[in-house]
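All remarks here apply to the structure that follows.
The values are calculated or read from the model by the stated rules, or taken from the named source; none is laboratory data. The model shown is predicted, which means the values in this text are computed figures rather than measured ones. Reconstructed Cβ throughout: ideal geometry from the backbone, glycine too, with neighbour counts over all protein chains shown. The accessibility values were calculated without ligands, DNA or RNA, using every heavy atom of the protein model including side chains. Shrake-Rupley method; radii C 1.70, N 1.55, O 1.52, S 1.80 Å.
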Amino acid sequence: MVKICTAKEVKKRIGAIQQRSEELDRNIAQILESVRKNGDSALREYTLQFDGVKLDRFEISSGQIAQYAAACDPALYASLQRAASNITDFHRRQISQSWMTTKPDGSILGQRLRGLSRVGIYVPGGTAAYPSSVLMCAIPAKLAGVSEILMVTPPAREGQINYGVYAAAKIAGVDRIFTVGGAQAVAALAFGTESIPRVDKIAGPGNIYVATAKRMLYGTVDIDMVAGPSEILILADETADPAYVAADMLSQAEHDRLASSVLVTTDPSLPTKVCAELERQTLLLPRKEIITESLKKYGSIVIAENLDQAVEIANEFAPEHLE
């Protein structure tokens, strides 16, 4: 299921993982340019091509949002409210203040902090949808004083609506929601179309198309960071619990077929135990096919000679998530 290699063998593996997006650059550049030139018509074309959904209207009405949020499982809704409270408490402590002072010579010095006028948040909704992404993007924006928050998320086929995403949007105070995803959604936020206003900044994770589009459009629009395809690297010694290590590897492998889960260990006996746990736990999960392909193509277990070498490998890989 996952390749076991030595520290010497891992460099080629890391290179293959790091080059995942390079092959897509040309195709994504064409999508971005088409949306820039053709606006909504390009969005409709790509939504039909990539999502298999024909849309006349991209924006979800406030009535629909309320209806979808009300359909969310009550236990999940309560969990989202608790999460929102914790996220708000954390980010409220980060808020910086404007200030001003006058010097004896009459000069005035100061700093004025204001929220951006309009921010777009990308919320995955294709192979996996994450209400947590809504909360973690929208709540800090609200606390910072952003005037308007737009959310884009891939359209759902009939019967596949993730009510938790809409519940999170309502809890977090998202102003408008548009059902468009992928690189085309990022382009719409960056350039603006007939239906979707241009934003000052784009935040939120996505698949390789979303991450590459954000990277290419940085400068045209501000971004938070390039996150995706998802990655995790775990440093572990002989004290690690194989079940926990495997669970954390699977937490990223299930995101996407291009996700990368890597274990670097100084314990020669740990890889066999972790592999057994990966196989056992994968059978219990609904996204078995995605996990299996992800681990086969981009997963690795590396046996390092010592902790210093393990840290060197982690530094070279520079993963999105490190533990």
What is the distance, in nm, between label points placed 7 Å from the Cα along the Cα-to-Cβ direction at Arg57 and at Ser269? 6.4
About its Cα centre, what dipole magnitude does the stretch 114-178 give when the only charges are +1 on Lys and Arg Cβ and -1 on Asp and Glu Cβ, stated in debye to the nearest 20? 140
With at most 13 neighbouring Cβ atoms within 10 Å, loop trypsin sites (Lys or Arg not before Pro) (DSSP) excluded, longest segment of the chain: 158-323
Kirkwood Rh, angstrom, the stretch 110-162 [1 / mean 1/r, Cα pairs]: 12.5
Scale the Cα Rg of the stretch 146-303 by the rule-of-thumb value 2.2 N^0.38 Å and send over the ratio, two decimals. 1.25
Any idea what the dipole of the stretch 165-250 comes to, in debye rounded to 20, about its Cα centre with Lys/Arg Cβ at +1 and Asp/Glu Cβ at -1? 600
So which residue, out of Leu258, Leu48, Leu135, gets the largest mean-square fluctuation from a GNM of the chain using Cα contacts under 10 Å as springs? Leu48
Looking at the chain, what % of its DSSP beta bridges pair antiparallel, to the nearest 5? 20
Under the Debye formula (equal points on every Cα, no solvent term), log10 I(q)/I(0) of the chain at q = 0.06, 0.10, 0.13 Å⁻¹: -0.25, -0.66, -1.03
Explain nothing, just the number: relative contact order of the chain, from Cα pairs under 8 Å at least 6 residues apart, as a whole percent. 21
Calculated from DSSP H runs of 4 or more alone, at -39500 (n - 2.57) each and per residue, what is the 222 nm mean residue ellipticity of the chain, nearest 500? -14000 deg cm²/dmol
Straight-line reach only, C-alpha to C-alpha below 21 angstrom: list the lysines that Lys273 could link to, leaving out same-chain residues fewer than 8 apart. Lys3, Lys288, Lys296, Lys297
Select from Ile108, Ile301, Ile196 the residue whose mean-square fluctuation is largest in a Gaussian network model of the chain (Cα-Cα springs shorter than 10 Å). Ile108
Global form of the stretch 1-83, assessed from the alpha-carbon gyration tensor, a/c cut-off 1.5: oblate
Among the aspartates and glutamates, which have Cα under 15 Å from the Cα of Lys37 when same-chain residues fewer than 8 positions away are ignored? Glu45, Glu194
Please enumerate, by chain and number, the lysines with C-alpha under 16 Å from the C-alpha of Lys201, excluding those fewer than 8 residues away in the same chain. Lys142, Lys214
Per residue, how large is the accessible surface of the stretch 21-79? Use a 1.4 angstrom probe and give square angstrom. 61
What spacing in nm lies between the two simple spin-label points modelled at Glu293 and Arg112, each 7 Å away from Cα in the Cβ direction? 5.2
Once Lys and Arg are counted +1 and Asp and Glu -1 for all other residues with Cβ under 14 Å from that of Ala84, the total becomes +3
GNM, the chain, Cα, under 10 Å: largest mean-square fluctuation among Ala227, Ala188, Ala240? Ala240
Accessible area of the stretch 187-316 divided out per residue, in Å², using a probe of 1.4 angstrom: 44
Given charges at Cβ of Lys, Arg, Asp, Glu: the stretch 74-217 dipole, positive-most of Ser195, Ser98, Ile149: Ser98
Which percentage, to the nearest 5, of the DSSP beta bridges contained in the stretch 35-160 is antiparallel? 50
